[in-house]
1. Say we look at the stretch 158-172 and pick out the residues that are among the hydrophobic types (A, V, I, L, M, F, W, C) and outside any loop (DSSP other than H, G, I, E, B); which of these is nearest to the chain's Cα centre (by Cα)?
2. Given (1) touching a residue at least 60 places away in the same chain (Cβ under 8 Å); (2) in the same structural domain as R215 (by TED's automatic domain parsing); (3) part of a helix (DSSP H, G or I), where does G330 come up short, assuming only one miss?
3. Quick test for you: out of G199, G175, pick the one residue that is in the same structural domain as T228 (by TED's automatic domain parsing), at positive phi and either crowded, with 19+ Cβ neighbours inside 10 Å or within 19 Å of the chain's Cα centre (by Cα) (or both).
4. Select, from L383, L376, L331, the only residue that is within 24 Å of F44 (Cβ to Cβ) and not acidic (D, E).
5. Take the stretch 227-257 and flag every residue that is closer than 27 Å to V392 by Cβ, more than 23 Å from the chain's Cα centre (by Cα) and part of a strand (DSSP E or B).
6. If you go through the stretch 342-396, how many residues are within 14 Å of the chain's Cα centre (by Cα), among the polar types (S, T, N, Q) and assigned to a loop (DSSP other than H, G, I, E, B)?
7. Mind counting the residues in the stretch 90-106 that are out of contact with any Phe, Trp or Tyr (no Cβ under 9 Å at 6 or more places or on another chain), surrounded by 18 or more Cβ atoms within 10 Å (Cβ to Cβ) and of a type outside the set (A, V, I, L, M, F, W, C)?
Amino acid sequence: MTLPNGFKPVDRGNDGIPEVGVGMLGYRFMGKAHSNAYHRMPVFFWPPVARPRLIAMCGRTESAVAEAALRYGYEGYYLDLDEMLADPRIQLFDNCASANAHAEPTLAAIKAGKHVICEKPLALTAADARAMWQAAEEAGVKHMTGFNYRFVPAVRFVRDIIDEGILGEIYQFRGRYLQEGGDDPNRPYSWRHDRSQGGYGALGDIGVHIIDLARYLAGEIVLVSAMTATYVKERPLADQPDQKRSVTVDDAFVSAVRFANGAVGTIEASKVATGRKNQNTFEINGSRGSVVFDLERLNELQVYLKYDTPDRLQGFGQVLVSERNHPYVGLWWPHGHIIGWEHSFVHEVEAMMRAIVNDDPIAPYGATFEDGYRALAVAEAVLESADNGRQVEISY
């Protein structure tokens, strides 16, 4: 083909940017979010530490996985996981499948020498999650748990001001994640309602995010005292709505917690919080100040600093986390321009690329498989406390 006069093609093959081949298991909600992030990352993190090369998706239903691979820009697809893991072009295995397909496929990827990202919850049990962490460490591969909220600029900024001592000694953490999706009794039964497939209910699906944020910001949780509740005890089958199946997971949980540093707090999550679409919020109180975050206004923080303001002006003030000296923000738009939920995944996969190419550590700002394991250790303690009606101390 003759090129038009004046047109000069870009030679990406000789730009010196390494490629990291990606193979993904699962292609629905999280598969879409992660795939978008791989496309956006080298555009905004320029020059990128690596250019993700989307080699293949893997799934069981050929028509669905073929369509997803085409839609999300993958070079092809596999119907057999072992065949995908044998592909030498793939260096990073990204597990976006349902929770019951986290442990075994990810362990297989580790055995094949692939670096691994796995969505939360990391496994159905803390024991399986610990085995995944230990296997990844022994194999020397990079490992990340998909706690993307760590990569929201405002959340990372909270971590920074805590580390800098601006809030002083941390006294309390109060976090909650509320959704209303489970309040409709006619909503069909799915794998998320089955303990053997979903692992946990609200606790495992969204509660682990709050557990991780509590650990990330306030420190290790060492004691819980919890209650759980299941309000919709049966749900209709999607293909046979006149038949119902028992729900074996929680709709909501609430727990008091104690941290290793002496701080106390509460964590809760609900799938039956009528009117709440996706409220992920926390408040942290320290000896010198407090901070409040709400995912539904994710570019904002409410901040109170006790000693840095005249008495007559004291009170919570709003900080718009959109300045170039705020975490990640300078990579995007001019200051004052906000970003959204999907950008957290871009920051997440960029951290993984730096780990693979430069051997940068994923922790403490990203979540490793150790963090995924510890979140599940807390979740299991919450269930034990709720079942037995007593406080449970956590040993990791």
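The values are calculated or read from the model by the stated rules, or taken from the named source; none is laboratory data. What you see is a predicted model, and the numbers here were worked out from it, not measured in a lab. Positions of Cβ are backbone-derived with ideal geometry, glycine not excepted, and every protein chain shown enters the neighbour counts.
1. Looking only at the stretch 158-172, we keep the residues that are among the hydrophobic types (A, V, I, L, M, F, W, C), and these are 158, 161-162, 166-167, 170.
Still in the running and outside any loop (DSSP other than H, G, I, E, B): 158, 161-162, 170.
Working: V158: 17, I161: 22, I162: 21, I170: 24 Å.
This residue is V158.
2. Result: G330 passes all but (1).
3. Values: G175 fails: at positive phi.
Only one candidate passes the filter, namely G199.
4. Details: L383 fails: within 24 Å of F44 (Cβ to Cβ); L376 fails: within 24 Å of F44 (Cβ to Cβ).
One residue alone meets the criteria, L331.
5. First, pick out the residues of the stretch 227-257 that are closer than 27 Å to V392 by Cβ: 227-233, 246-257.
If we keep only those that are more than 23 Å from the chain's Cα centre (by Cα) as well, we get 227, 229-233, 246-248.
Once the filter is applied, which keeps residues that are closer than 27 Å to V392 by Cβ, more than 23 Å from the chain's Cα centre (by Cα) and part of a strand (DSSP E or B), the stretch 227-257 yields M227, A229, S246.
6. Number of matching residues: 1.
7. 3
The rows are residues; the columns are (1) acidic (D, E); (2) touching a residue at least 60 places away in the same chain (Cβ under 8 Å); (3) touching a Lys or Arg at 6+ places or on another chain (Cβ under 9 Å).
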position: D360; (1), (2), (3): yes, no, yes
position: A363; (1), (2), (3): no, no, no
position: A367; (1), (2), (3): no, yes, yes
position: D371; (1), (2), (3): yes, yes, yes
position: R374; (1), (2), (3): no, yes, yes
position: A379; (1), (2), (3): no, yes, no
position: L383; (1), (2), (3): no, yes, no
position: G389; (1), (2), (3): no, no, no
position: V392; (1), (2), (3): no, yes, no
